[in-house]
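As structure tokens, the structure follows; a few thoughts come after it.
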Amino acid sequence: MTSFIQPDDIWTMWAVAVGITALAFYVAQRYKWGSKISSVLLALIASLILVNIGVLPTSSPVYSTIGNYILPLSIPLLLFQSNLRKIVKESGRMFLIFHIAAIMSVVGGIICGFIFRDTLAEQTAGYVAVEVGADIGGSVNLVAMASAFQVDESIMNASLIIGNLIIIMWTMAIIAMPNSKFFRKHFKHEHIEASESGINQDDSTTQAAKFWKRNDISLLDIAKCLAVTFIILAVTQVICNFVNASNAPEIVKTLFGSIYLVMTTITIILVTVFPKFFENIHGATEIGTIMITLWFVQIGAGARISEILMLAPAILVFKVLMCVINIGGTLVFGKIFKWNMEECLTASNAALGGPTTAAAYVIGKGWSGLIAPAMLVGLYGYIIGNYAAVLTANLFV
């Protein structure tokens, strides 16, 4: 199937990819429904539609550039605010609840791994790693695990598309759940009460725009962002090459021979040891978010609906079970320990979708007191998701 825009029409391809990214940000900040979905998922949906109506190709050198260079550069930038001490100190009870959601993802991975062991065969360990990583740290960890375990690209793309469509449906569900009499009766909901009483009351579009307001970013800030990120990636590559060329055990190579795991570890150590240096660099989150949204454009363009449907049954059931176990387990513990419903839903959302999805959710609901904790625990998921995924997947090696 040929496309209207040819794969080697490089500048047109870049224009469309960057244009979709900019449009996604505009819609997320301008419209109430867009702010609830989030810019990254809007970008994925837009490119998926354009591919399936024949406007964009499913492969292009532009996509390769985004995957090989833009994506790795985005991860350290998104982690510049991931000071472990700050996360533990400022995320409050959300930090504890997020661990419950993460544990539920591990439990779900183990259960689903045994259920689908015959169906996935030799891909079982890799796919378990992919799903556990994604359900603790979002799609960034999914890519890291797919790379570490050499998961088939078609399976990875289908998993990303289906997973993000499930996230959209889950987001719509948790938007409605706080309004349900059942959930209000059985769970505490202090943030809802504050919002409905007039505190923090504002339309979601205004809040989204305010969250991504124009910041004080200088030329030197941008230069520092790029320089530090490139240095981290260069050091990471040296370490990975050394580890992979050594006679180290396979699990050591999986952990310290993967560029995504190593760059995450290096960045977290630097940010935690030198917090003031990284706090004074402005613009890292903005640049990183643009880059990661470009990657979602690539993912949306990476598969046709017909191809996804061929792989969908096992992957769809696997992901739905993982999602149900994560959400259900978190809410059960929330009920037992009398945690706020809003914190439980946000922690689960941060685990399943990452910090940007969680932030979009609480911004849309008007729970301004949960924006910072949602972002912090979402970033924390980037840190622990890969390691939890590797340990879980090794049960199926």
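Things worth noting here:
- Hey, residue 73 within 17 Å of the chain's Cα centre (by Cα) and either surrounded by fewer than 19 Cβ atoms within 10 Å (Cβ to Cβ) or under 25 Å from residue 293 (Cβ atoms) (or both) or not: yes
- Filter result for residue 387 (at pLDDT 80 or above and open to solvent by 40 Å² or more (accessible area, probe 1.4 Å)): yes
- From 59, 82, residue being open to solvent by 20 Å² or more (accessible area, probe 1.4 Å) and either outside any helix (DSSP H, G or I) or among the acidic types (Asp, Glu) (or both): 59
- Helices (runs of 4 or more DSSP H) fully within the stretch 271-351 that include at least 1 residues being within 21 Å of residue 107 (Cβ to Cβ) and at pLDDT below 90: 305-337.
- Odd one out for residue 150, checked against (1) open to solvent by less than 10 Å² (accessible area, probe 1.4 Å); (2) at positive phi: (1)
- Residues in the stretch 1-26 that are at pLDDT below 90 and surrounded by 15 or more Cβ atoms within 10 Å (Cβ to Cβ): 3 only.
- Boolean, residue 255 is at pLDDT 90 or above and within 27 Å of residue 116 (Cβ to Cβ): no
- Filtering the stretch 246-267 to residues that are aliphatic (A, V, I, L, M), open to solvent by 20 Å² or more (accessible area, probe 1.4 Å) and part of a helix (DSSP H, G or I) leaves 251, 252, 255, 259, 266.
The values are calculated or read from the model by the stated rules, or taken from the named source; none is laboratory data. It should be emphasised that the depicted structure is a prediction, and the values quoted were computed from it without experimental measurement. Glycine gets a Cβ as well: all are built from the backbone with ideal geometry, and neighbour counts include every protein chain shown. Quick note on the areas: whole protein, heavy atoms, side chains included, nothing else; ligands and nucleic acids left out. Shrake-Rupley method; radii C 1.70, N 1.55, O 1.52, S 1.80 Å.
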